[in-house]
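The values are calculated or read from the model by the stated rules, or taken from the named source; none is laboratory data. Remember, it's a predicted structure, so these values are computed and weren't measured experimentally. Reconstructed Cβ throughout: ideal geometry from the backbone, glycine too, with neighbour counts over all protein chains shown.
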Amino acid sequence: MEAPETRIPSIFIIPLMQFLVGICLFIALLNGQRDLTVLALLILGIMTGARLWSRLGLSGIRYSSMVDKDKLFPDESLALQVTAENHKFLPVWLQMSVAVTGGLEPSSGQRGLTGERGLLWYQKARFNWELIARRRGVYRIGPAHVKAGDLFGFFPREKRAGAEMQVIVYPRLVQLKPFSLPRRDFFGVPGAKSPVQDPVYILGTRDYRHWRPARHIHWKASAHHNRLQEKVFEPSEQEKVLLAVEVSRFEREQASESFEQTLEVVGSLTVQCHQRGYALGLVTNGVAEGGPSILPIGRSPQQVPSILEILARLKMRAEGSLADMLYRALELPWGVSCIHFSYGINGGTPSSAQYFQNKRIPTIFVVGSSHSPWDGHTHRGTVYSLDEIRIEGARKP
């Protein structure tokens, strides 16, 4: 929406003009000019009343703002609604504008989020906008900037209203070429298909089969369904994948485009591994704005959103060494495989590779630059470039 034109609504709001009108009133009274007296009194009365009206304009108005979703992917849209309610008998003129940062843009292509309404007594007005997320990141909406006053708009008064809202835009999901993940667990099959099951972790129930042990019968579920139900257990061992993102070299090379493409691949791989039933974790030495940079390996329903949120918050700014974080701040369970992402396989990557080699963790290295030699370091794993696993120009539906 185009920004409203800033102009003076009336020359009579200028103190000098009001002073001249007062002189005209004095002269008209001295000379008995009835019409001029009435005109001067009318102008001064309107200005004084409008000024008092404006002072009361912002009082008694309640504001609220909301978005239909606060987490989304690039090219998705969200609806923003700001509500203003006049809780007094005095009508007001109201202009509402909302500041939006970063990669959120109005879907209509307009320049700003601005609306203008007149509110009668105890009336409610809603301002609605649609925003489109253009790129990954954490963005803030609001607070609203409110300008209110008399219905003539002679003496507007301004204030900030409502709370600031935060919107998280996940990395774009892209299609990946098939490539084999490093496997270490023999029983890396999720659910009831695993040959070895753990009686501690129950996934659910199903109809009891007569050749199954009676100790697996779930008696409460059987009573509820009026037929025998047995427990479905989680496997004792499942595939565990640690995603490691090394940011230092991206920062040194100022490779922002490669950094964004890498995070797109990490996010897409996270969703892909979760669909296969893998347990996932994430570690990075990058600065995650307002959030953690380490997520222990797990398989809860919130694991994928948590990883995507860390990726959304991640800045191309390193904080310490990834190898130090692996040694000091992360405890890995047995049977973990690792996919390591970096700009090149030199720089800080050999230190991380040495950690995985010492821990006997099978590792795949994915690099954003295909022109980065290994500098003679030995490693235990396979090296891919982004182009080898990412389908260029293809987005995940």
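Selection over the range 360-373 of residues that are modelled with pLDDT under 80 and crowded, with 16+ Cβ neighbours inside 10 Å gives a count of 2. Suppose the filter is modelled with pLDDT under 85, assigned by TED's automatic domain parsing to the domain that holds residue 251 and buried (at least 18 other Cβ atoms within 10 Å of the Cβ); does residue 345 pass it? The answer is yes for residue 345.
Taken across the range 297-314, residues that are crowded, with 16+ Cβ neighbours inside 10 Å and modelled with pLDDT under 85 do occur, with at least one present. Here is the figure for the range 99-139: residues that are under 22 Å from residue 163 (Cα atoms) and in a strand (DSSP E or B) total 24. Just a yes or no: is a residue in the range 281-291 in contact with a helix residue (DSSP H, G or I) (Cβ under 9 Å, 6 or more places away or on another chain), at pLDDT below 90 and of a type in the set (Asp, Glu)? Within the range 281-291 (the criterion being in contact with a helix residue (DSSP H, G or I) (Cβ under 9 Å, 6 or more places away or on another chain), at pLDDT below 90 and of a type in the set (Asp, Glu)), the answer is yes, since at least one residue qualifies. Count of the range 118-138 residues, restricted to those that are of a type outside the set (A, V, I, L, M), buried (at least 21 other Cβ atoms within 10 Å of the Cβ) and farther than 16 Å from residue 81 by Cβ, is 2. Looking at 257, 253, 289, which is the one that is touching a Phe, Trp or Tyr at 6+ places or on another chain (Cβ under 9 Å) and among the acidic types (Asp, Glu)? Among 257, 253, 289, only 253 is touching a Phe, Trp or Tyr at 6+ places or on another chain (Cβ under 9 Å) and among the acidic types (Asp, Glu). Every residue in the range 96-129 that is touching a Ser or Thr at 6+ places or on another chain (Cβ under 7 Å) and of a type in the set (S, T, N, Q), please. Selection gives 97, 107, 114.
Of note, residue 295 satisfies the criterion of being out of contact with any Phe, Trp or Tyr (no Cβ under 6 Å at 6 or more places or on another chain), in a strand (DSSP E or B) and without any contact (Cβ under 8 Å) to a residue 24 or more places away in the chain. Looking only at the range 54-89, filter to residues that are within 16 Å of residue 117 (Cβ to Cβ) and of a type in the set (Val, Ile, Thr); which one of those is modelled with the lowest pLDDT? Per the criteria, the residue is 61. Is it the case, given these coordinates, that residue 287 is in a helix (DSSP H, G or I) and β-branched (Val, Ile, Thr)? So residue 287 fails the test. Hey, any hits in the range 326-340 for a residue that's assigned by TED's automatic domain parsing to the domain that holds residue 265, in a helix (DSSP H, G or I), of a type in the set (Ser, Thr, Tyr) and over 23 Å from the mean Cα position of the chain (by Cα)? The answer is yes; a qualifying residue exists.
Being under 30 Å from residue 264 (Cα atoms), at pLDDT 65 or above and of a type in the set (Lys, Arg) is a condition met by no residue of the range 197-207. Just one of the listed residues (243, 269, 263) is over 17 Å from residue 297 (Cβ atoms), crowded, with 21+ Cβ neighbours inside 10 Å, touching a residue at least 12 places away in the same chain (Cβ under 8 Å) and under 23 Å from the mean Cα position of the chain (by Cα), and it is 263. Inspect the range 309-327 for any residue being β-branched (Val, Ile, Thr) and within 13 Å of residue 279 (Cα to Cα) and give the result as yes or no. No.
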